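The values are calculated or read from the model by the stated rules, or taken from the named source; none is laboratory data. Every value quoted in this text rests on a predicted model; they were computed, and no experiment measured them. Quick reminder, even Gly has a Cβ in these numbers, built from the backbone with ideal geometry, and neighbours come from all protein chains shown. Note: accessible area is taken over every heavy atom of the protein model, side chains too, but ligands, DNA and RNA are not part of it. Shrake-Rupley method; radii C 1.70, N 1.55, O 1.52, S 1.80 Å.
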Amino acid sequence: MFELMAGGKIGHIALSDIADQMVIAPATANVIGKVANGIADDFLTTMIMATKVPVLFVPSMNTKMWESSIVQGNIEKLKENGYQFMEPTAGDLACGWQGKGRLPPIDDIVEQMEDIFTEKDYVDQRVLITAGPTVEAIDPVRCISNRSSGKMGYAIAKMAKRRGAEVVLITGITSLPPPRCDIRVIDVVTAQEMRAVVMEEQRRASVIIKAAAVADYRCKEENLQKIKKKNGKDEITLALTKNPDIIEELGRVIGDRVLVGFAAETEHVVEHARDKLQRKHLDLIVANDVSKSGIGFGADDNEVTIIDAAGGAVHVPRLSKDEIAEIILDEALKVAKKKKKTEEDWY
Ligand code: PMT
């Protein structure tokens, strides 16, 4: 512990000096108890005591130890002193018990670390995001859908939560892992279901971002039985009917809140997007060229042009969907502030 490092620095102090954040994972009842009571008698506890950066404890222990009033009291004391904690998850424990006490998944710990580093500029916002495809039944075994994976919408939900927003994610069927547990998720299948949930939830939202790929049409007739192959017929015709245009309906009620749409286009991308923005009374539209490979549907990256209601356009070159999500949220926040200011000036 006191061994000198290069330059004559003392190990536990030198390491605490270079850290931007400290994560104690797994944090045992022992280490929590020591720090809570001012004991610094080994490398870890001296390092924690010597730091001023954020410290995140990720407890993991037997469920009875976790529930013990002594451990809980120590955690309370540390929280009051600015230390941060994650809750252990429930399940099978190494000691053979079942219950709360498991170390959370590493991805969740990393997300919590990112959260600690992120400025909470969305703390006053309630953000509604739609993601993924809608699926319209043709019959009990077949459907009409599209290639949306949900990645773009999920990335926006994650980043909005990180920035402190209250987030509701309304999602079509995807194969993505569920987002972090403090995001409220509502699963839907069809465009009509999505419309019903969006119109109910929009009343509480201050920013609405519609990344979902909604089917414009569904089957006119509901086929309750599987459509059988017709002998001798090389073609059959499916009659389709129009689905509700959710974003158009939102445009009529959005008022001083912020409405962001997406435009998935394969040609004249910016022109078509501008037209949608105007017709549907959006504040911003995120135009993406879904004919390009490596971006758009299913990809981890995207390349977009964000167009505002005054005609301004920001081209964002190919970046990860997380990075694109950050830029969309930056632009949406600018609009939110502008609209709020206009409202204040009016009164
Ligand atoms: O999910 P990923 O694989 O990550 O891919 C991301 C994406 C390509 C799906 C996403 O970036 C995107 O472009 N989403 C919108 C797709 C789409 O349906 O575009 P559109 O041009 O058909 O619709 C325009 C806007 O109207 C969209 O905001 C859409 O959500 C909305 N809409 C469309 C039809 C409808 N009936 N109701 C709607 O609200």
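Summary of values
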{"read-out": "Test: residue in region 18-36 that is farther than 30 Å from residue 93 by Cβ, open to solvent by 70 Å² or more (accessible area, probe 1.4 Å) and without any contact (Cβ under 8 Å) to a residue 60 or more places away in the chain", "value": "yes"}
{"read-out": "Residue within region 164-187 that is without any contact (Cβ under 8 Å) to a residue 12 or more places away in the chain, surrounded by 17 or more Cβ atoms within 10 Å (Cβ to Cβ) and assigned by TED's automatic domain parsing to the domain that holds residue 294 present", "value": "no"}
{"read-out": "Complete set of residues in region 40-69 that are assigned to a helix (DSSP H, G or I), in contact (Cβ under 8 Å) with a residue 40 or more places away in the chain and open to solvent by 50 Å² or more (accessible area, probe 1.4 Å)", "value": "43"}
{"read-out": "Selected residue [within 16 Å of the ligand (Cβ to nearest atom), in a helix (DSSP H, G or I) and under 15 Å from residue 145 (Cα atoms)] from 194, 199", "value": "194"}
{"read-out": "Condition check for residue 247: open to solvent by less than 40 Å² (accessible area, probe 1.4 Å), assigned to a strand (DSSP E or B) and in contact with a Leu (Cβ under 9 Å, 6 or more places away or on another chain)", "value": "no"}
{"read-out": "Index of the failed condition, residue 254 passing every other in (1) within 12 Å of the ligand (Cβ to nearest atom); (2) open to solvent by less than 20 Å² (accessible area, probe 1.4 Å)", "value": "(1)"}
{"read-out": "Within region 132-180, considering residues that are within 10 Å of the chain's Cα centre (by Cα) and either in a strand (DSSP E or B) or at pLDDT below 95 (or both), the one farthest from residue 195 (Cα to Cα)", "value": "180"}
{"read-out": "Pairs with Cβ under 7 Å, 6+ apart, first in region 192-215 and free of Cβ contacts under 8 Å to residues at least 40 places away in the same chain, second outside any strand (DSSP E or B)", "value": "197/188"}
{"read-out": "Failed item in (1) at pLDDT below 95; (2) open to solvent by 20 Å² or more (accessible area, probe 1.4 Å), with residue 14 passing the rest", "value": "(2)"}
{"read-out": "Selection from region 284-305 of residues that are within 9 Å of the ligand (Cβ to nearest atom), open to solvent by 20 Å² or more (accessible area, probe 1.4 Å) and at pLDDT below 95", "value": "290"}
{"read-out": "Single condition residue 229 does not satisfy, out of (1) more than 10 Å from the ligand (Cβ to nearest atom); (2) in contact with a Ser or Thr (Cβ under 7 Å, 6 or more places away or on another chain)", "value": "(2)"}
